[in-house]
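First up is the structure itself, then whatever we jot down about it.
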Amino acid sequence: MDRPLTENIRPGEGPPGIAEYERAGGYRALRKVLGDADPQGLIRTVTDSHLRGRGGAGFPTGRKWSFVPRGEQAAHPVYLIINADEMEPGTFKDRLLLEENPHLLIEGIVIGGYALQADIAYIFLRQEYTLAGERCSRAVAEAYDRGYLGRNILGSGFSLELYLHSSAGRYICGEETALLNALEGRRAIPRAKPPFPPVTGLWGKPTIVNNVETICNVPQIAEHGADRFRALSRSVDGGTKLYGVSGRVKKPGLWELPMGASIREILEEHAGGMRDGFTLRAIIPGGASTEFLPADRLDVKMDFDSVKAAGSRLGTGTMIVLDDRTCPVGMILNLMRFFARESCGWCTPCREGLPWLARTLEAIENGEGRPEDMEILRRHAGLLAPGHTFCALAPGAVEPLQSGLTIFEEDFIRHIREKRCPWRK
């Protein structure tokens, strides 16, 4: 069971129905948990597995679950929310799981709900994921019919209601408290913390928000234990990981590999290397809000600590490849336009700073840049660094800019000196 996330995925054939999922071992972990597992013991198992959040931040999952208050005086209902509002440019891993194996997600939700003693769960789905919505809706209905959801699940005394919420969404909903506001029908802006969601979350009740890929790892941990999960990895972070590559490679796509697989292995062995006639210049390793790594860093392991030590972040583990025939200034401008548009507008540095950076980059790309623009970009990137904004959107947005100003400094200068983009014909 080296590929627990994708072993039941059949490209081009659609997701397995509930009967087929059961024949492949599906819901066996849930039956085991409901039969003999202690909720607190299950949380300890997830903690010992070294499962870290797959949505970008990498927070230890078991530790996060442990923050939910327990005991007779604890508030109810307790909510478990799955963030399926996948909007980061270059990131498409959760879509695979949602479309091709929704029962794995549902089983993970019910097991996680049992560990938390949750009452209600939501899948917060990006509205544009229409196929995922259709397939998840069908899978939820099948799970209810089989008794895996609803009242007194499998006669265990545990109950959990699951709702699929198709949201208008925004990129800011990747911030969990902005997601909670959106789910409550309010403007999607981050909340002040503390209090934190595990204590005071959705409608003021204890709430855990997990990413799709994160929760899909839970069934294998519950069935096979923490040691087995850690053994799947090549690093201190447990399990496997869905790694993706987009850009001018021969075989862009997604692969489930041991956590800690190297950039070189992912890029050359699985993505097939660069297309003929193109040379690798740099990669963004973890989605659009992570810093560039130059082409000489291919032996970096794709785990949280290794990528951080190399000067970037693992993020979502979905690489964007920059080749020698694509303008790096134009690429960064494209990303900055996205982040400027997706700012919730709550705090001034983000609301005003990101559009300012986009306009400055646009002037450079169009041949209207000035030498002093380089310092303006560096200064504003610093002003949007962590600690200067209400949430992490703007600090993440400027990560590719900050690294790009160093790695591609000569490209920026050439734009300004020649008063044109050298990559335009």
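Read the figures in this text as sums done on the coordinates, not as results from a lab. All figures in this text were calculated on a predicted structure; none of them were measured in a lab. Positions of Cβ are generated from backbone atoms using ideal geometry, with glycine treated the same way; all protein chains shown enter the neighbour counts.
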Relative contact order of region 105-239 (C-alpha contacts under 8 Å, at least 6 apart) in percent is 22
How about region 306-390: which trypsin sites (Lys or Arg not before Pro) there lie in a loop by DSSP and see at most 16 other Cβ atoms within 10 Å? ARG325
Which residues make up the longest stretch of the chain that has no GluC sites (Glu not before Pro) in a DSSP loop with at most 15 other Cβ atoms within 10 Å? 185-367
Per residue of region 72-78, what does 6.51 cos²θ - 1.76 cosθ + 1.60 with θ = phi - 60° give for ³J(HN,Hα)? Whole Hz please, x for Gly and Pro, Karplus curve as stated. 5, 8, 5, 6, 9, x, 9
For region 395-411, Karplus couplings with θ = phi - 60° (6.51, -1.76, 1.60), whole Hz, Gly/Pro x: x, x, 4, 8, 4, x, 5, 4, 6, x, 5, 8, 5, 10, 4, 5, 5
Using modelled backbone amide H atoms (1.01 Å from N, in-plane), which distant-in-sequence or interchain residues come within less than 5 Å of ALA121's amide H? LEU80, GLU161, LEU162, TYR163
Shape call for region 128-258 from the C-alpha gyration tensor, a ≥ b ≥ c root eigenvalues: rounded (a/c under 1.5), prolate (a/b greater than b/c) or oblate? rounded
Compute the Cα gyration tensor for region 296-425, then decide on rounded, prolate or oblate, letting a ≥ b ≥ c be the square roots of its eigenvalues: rounded whenever a/c is under 1.5, prolate when a/b is larger than b/c in the other cases, and oblate in all that remain. oblate
For region 18-231, shape from the Cα gyration tensor axes a ≥ b ≥ c, cut at a/c of 1.5 then a/b versus b/c, turns out rounded
Long-range amide H partners of GLY253, meaning residues 5 or more apart or on another chain whose placed amide H is closer than 5 Å, are VAL245
With x for Gly and Pro, the residue-by-residue ³J(HN,Hα) of region 239-256, computed from phi through the Karplus equation 6.51 cos²θ - 1.76 cosθ + 1.60 at θ = phi - 60° and given in whole Hz, is x, 9, 8, 7, 9, x, 9, 10, x, 7, 10, 6, 9, x, x, 10, 9, 8
Farthest toward positive dipole pole in the chain [+1 Lys/Arg, -1 Asp/Glu at C-beta], among ILE120, LEU97, ASN8: ILE120
Any idea what angle helix 102-116 forms with the longest principal axis of the chain, computed on alpha-carbon atoms, 0 to 90 degrees, nearest 10? 70
Could you state the number of Å between the C-alpha centres of region 349-365 and region 1-69? 42
ALA168 versus GLU372: modelled label distance in nm, points set 7 Å from Cα along the beta carbon direction: 4.1
Nearest 500 deg cm²/dmol is fine: what mean residue ellipticity at 222 nm does the chain get from its DSSP H runs of n ≥ 4 alone, each adding -39,500 (n - 2.57), divided by its residue count? -11500 deg cm²/dmol
Lysines near LYS241 by alpha-carbon distance under 25 Å, same-chain residues fewer than 8 away left out - which ones? LYS32, LYS64, LYS93, LYS250, LYS251, LYS301, LYS308
Report, by chain and number, residues whose modeled amide H sits under 5 Å from the one on LEU232, excluding near sequence neighbours (fewer than 5 apart, same chain). GLY239
